[in-house]
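Report on one structure; see the data block that follows.
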Amino acid sequence: MADFDVVIVGAGSAGLAAAKVLIAQGKSVQVIEAMDRIGGRAHTTDDWFGMPFDIGCAWLHAADRNPYFPEAQAAGWTLYHHDMSLDHLYFGDRKATEAEMAKLAEAEAALAACVENHTGPDDRLSSLLTECHALRAATTFSGPMDFGKDDDEISVADFKAAADLDPNYFTREGFGALVARFGADVPVRTGCPVRRVDWSGAGVTVSGDWGSIHADAVILTVSPAVLAFDEIAFHPALPPAHVEAAFDLPMGLLTKIPLEIRGARLGLDAFDDLLIERHARHDIFFLCFPFDTDLMVGFVGGDFAWEIEAAGEEAAVDFATTRLAAIFGADIKRHVGRGHMTNWSADRWVRGAYAAARPGKAQARAVLAQPVGARVFFAGEHLAGSLIQTCGGARLSGEAAARAVLAQIG
Ligand SMILES: Cc1cc2nc3c(=O)[nH]c(=O)nc-3n(C[C@H](O)[C@H](O)[C@H](O)COP(=O)(O)OP(=O)(O)OC[C@H]3O[C@@H](n4cnc5c(N)ncnc54)[C@H](O)[C@@H]3O)c2cc1C
C-alpha cells in the first residue's frame with residue numbers, strides 16, 4: 001500500500017511545480033528536501049545587506065515564456081526590464097574605444113550566425129571562435145558568464161539548443177522570494193536528504209536517515225551532479241545510459257561577488273553593465289547599482305569561478321575591489337562596505353550553478369529525460385529544453401514530468 005501517489009525529491013522550482021500540477025489533479029504528493037528550506041537554487045536573503053539579495057537566480061529570463069513573470073506582475077513585484085547589452089567594457093584597466101565597442105556588437109552577431117550555421121559534427125564552442133574571428137569579449141557572456149563554462153567545455157549543439165533569453169527582467173523583491181511564495185502551500189519535508197531509491201518491487205520506496213516513503217512513482221529533480229556523485233543509491237541501479245548522461249552533464253559555475261559602494265556612483269547609472277576583460281578568462285562583470293541601491297554585483301564564471309570559490313569570500317571581495325580600484329582609482333576602497341561571495345560549488349545538494357553538456361554529448365539531456373521502469377521520472381533545469389539553466393525552465397520541466405507521471409499512473 002503506497003503512502004502517497006507520488007514522491008518528489010527536491011523542493012526547487014522543478015519539484016514545487018511538479019507537486020502543484022499533481023495536487024491540482026487530486027494526487028497525494030510528498031516532497032522531500034535535503035536543505036532546511038524550499039527553493040533550491042532560487043534563494044533570496046536579507047541577511048547580507050538588509051534588503052533582498054538573490055544568492056541564486058535573479059533575472060526572470062525569457063519573460064514572455066516564463067510562468068513566474070505574470071505571477072510577479074500580479075503580486076505587485078517591482079520589475080525592471082534589463083537590456084543586458086554592455087554599457088562599459090574594459091580590457092584590464094583600459095576603457096574600450098568606441099570602435100572596439102562597435103566591433104564587439106559585430107562580433108556578437110558574427111558568433112550568433114556562426115553557431116546558427118554550424119552543421120558539422122558537434123564540437124567545442126571554442127572551435128568556432130577561431131572561425132568567427134570574434135572578439136574575445138563577445139564570448140565572455142556566451143561562455144563563463146552565461147553557460148558557467150569556458151568555451152572549450154561547451155558543446156556547440158548544446159549551446160545552439162538554448163534559447164535567446166530576452167526579454168530579461170530583474171526584481172527588487174527577489175526571484176528566490178517569488179519561488180518561495182509559489183511553493184508556500186506545497187507539502188515539503190525539509191532537512192531530509194534522500195539516500196536511496198528502491199524501485200525493485202511495485203512502486204518506489206525512497207529513504208534516508210529520516211525514514212522512508214512508499215509511492216507509485218518518484219520524480220527526481222536533483223542536479224545531475226548530485227546523481228553523478230552517488231548521493232542517492234538506486235536499487236536496482238539506474239541503466240548505464242542514464243548514469244553516463246548524468247556524468248555528461250557536469251555543472252558549470254557562476255559566482256556572485258556583491259559589493260556595497262557607499263557614497264560614490266563612479267559615473268555609472270543604475271543597471272549599467274560593466275565588463276572587465278583580463279588574461280586567462282579572469283574576467284569580471286558588474287551589474288551596477290540595481291534599483292539605485294548601493295550594490296555593485298560582481299560575477300565571475302567558468303573555471304575561474306571554481307578557483308575563486310575555493311579561495312574564499314575574503315579573497316573574492318578583495319579581487320572585485322582591486323579590479324574596480326584599477327579603473328576608478330584607489331580611493332574607491334574607502335567607499336567599499338560589506339562584500340560577500342556566493343558559494344554554490346560547496347553546496348552538497350547542488351554542487352555548481354547549472355549543467356552544461358560536454359562537447360559531443362548534447363544528447364545526454366534527452367537520455368536523462370527518459371523515465372525508468374515507468375515509475376522513476378526526472379526533471380529540473382538540466383532537462384528544460386530551450387530554457388535549460390533557467391528557473392522558469394526548471395518549473396516547466398517539473399510540470400512536464402508531472403504530466404508524464406499522470407499519463408502513467410492515471
Ligand atoms: C549563481 C546562480 C545564478 C543564477 N541566475 C539565474 C538567473 O538569473 N535566472 C534564472 O532563470 N536562473 C538562474 N540560475 C539558475 C536557476 O537558479 C536554476 O536553474 C533553478 O533554480 C534550478 O531549479 P531546479 O528545481 O532544477 O533545481 P534546484 O533548485 O537545485 O532544486 C533541486 C533541489 O533538490 C534538493 N536535493 C538535492 N539532493 C537531494 C537529496 N538527495 N534529497 C533531497 N533533496 C535533494 C536540493 O537541495 C534542491 O533544493 C542561477 C543559478 C545560480 C547558482
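The values are calculated or read from the model by the stated rules, or taken from the named source; none is laboratory data. On a predicted model such as this, the values are computed, not experimentally measured, just so you know. No Cβ is skipped: glycine too gets one built from the backbone with ideal geometry, and neighbour counts run over all protein chains shown.
Among residues of region 383-396 that are assigned to a helix (DSSP H, G or I), those with a beta-carbon under 9 Å from a residue that is near the ligand (Cβ under 7 Å from one of its atoms) and among the charged types (D, E, K, R) at least six positions away or on a different chain give the pairs L387/E381; C391/R41; C391/E381; G393/E381; A394/R41; A394/E381. Of all residues in region 149-163, at least one satisfies being crowded, with 21+ Cβ neighbours inside 10 Å, more than 13 Å from the ligand (Cβ to nearest atom), over 26 Å from F53 (Cα atoms) and β-branched (V, I, T).
Take the conditions (1) in contact with a helix residue (DSSP H, G or I) (Cβ under 8 Å, 6 or more places away or on another chain); (2) within 16 Å of the ligand (Cβ to nearest atom); H81 misses just one of them, which is (1). Those residues that are among the basic types (K, R) and modelled with pLDDT of 95 or more, I need them from region 142-172; list them, please. Matches in region 142-172: K149, R172. The number of residues in region 26-51 being in contact with a helix residue (DSSP H, G or I) (Cβ under 6 Å, 6 or more places away or on another chain), of a type outside the set (V, I, T) and more than 6 Å from the ligand (Cβ to nearest atom) comes to 2. Do we find that A355 is under 16 Å from the mean Cα position of the chain (by Cα) and in contact (Cβ under 8 Å) with a residue 40 or more places away in the chain in this structure? In short, yes. Taking each residue of region 14-41 that is under 17 Å from G208 (Cα atoms) and in a strand (DSSP E or B) and looking for partners that are of a type in the set (A, V, I, L, M) and within 7 Å of the ligand (Cβ to nearest atom) with beta-carbon atoms closer than 7 Å, six or more apart or interchain, yields V31/A11; I32/V9; I32/V194. A Cβ distance below 8 Å, combined with a sequence gap of six or more or placement on separate chains, defines the contacts here; from region 316-328, residues that are on the phi < 0 side of the Ramachandran plot reach residues that are of a type in the set (S, T, Y) in the pairs A316/T255; I327/Y90. Give me the residue from region 1-53 that is touching a strand residue (DSSP E or B) at 6+ places or on another chain (Cβ under 7 Å) and among the polar types (S, T, N, Q) and, out of that set, farthest from Q389 (Cα to Cα). The qualifying residue farthest from Q389 (Cα to Cα) is S28. Considering every residue within region 241-249, establish whether at least one is within 15 Å of the ligand (Cβ to nearest atom) and surrounded by fewer than 24 Cβ atoms within 10 Å (Cβ to Cβ). There is no residue in region 241-249 that is within 15 Å of the ligand (Cβ to nearest atom) and surrounded by fewer than 24 Cβ atoms within 10 Å (Cβ to Cβ).
Among the residues of region 1-35, just one is of a type in the set (D, E, K, R) and within 20 Å of the chain's Cα centre (by Cα), namely E33.
Number of residues in region 352-384 that are away from the ligand (no atom under 13 Å from the Cβ) and either basic (K, R) or closer than 25 Å to F229 by Cβ (or both): the value is 17.
What are the residues in region 187-215 that are more than 10 Å from the ligand (Cβ to nearest atom), surrounded by 20 or more Cβ atoms within 10 Å (Cβ to Cβ) and aliphatic (A, V, I, L, M), if any? Selection gives V204, I213, A215.
Checked against the criterion of being in contact with a Lys or Arg (Cβ under 7 Å, 6 or more places away or on another chain), of a type in the set (A, V, I, L, M, F, W, C) and farther than 30 Å from F229 by Cα, region 306-329 has at least one qualifying residue.
I'd like to check something: does region 263-283 contain any residue that is within 16 Å of the ligand (Cβ to nearest atom) and of a type in the set (G, A, S)? Within region 263-283, not a single residue is within 16 Å of the ligand (Cβ to nearest atom) and of a type in the set (G, A, S).
Looking only at residues of region 55-73 that are more than 7 Å from the ligand (Cβ to nearest atom) and of a type outside the set (A, V, I, L, M, F, W, C), we find that the one that is farthest from E231 (Cα to Cα) is Q73. Before we move on, is A326 within 22 Å of D303 (Cα to Cα), in contact with a Gly (Cβ under 9 Å, 6 or more places away or on another chain) and not assigned by TED's automatic domain parsing to the domain that holds A202? The answer is no for A326.
The number of residues in region 1-25 being touching a Gly at 6+ places or on another chain (Cβ under 6 Å), under 17 Å from R189 (Cβ atoms) and more than 6 Å from the ligand (Cβ to nearest atom) comes to 4.
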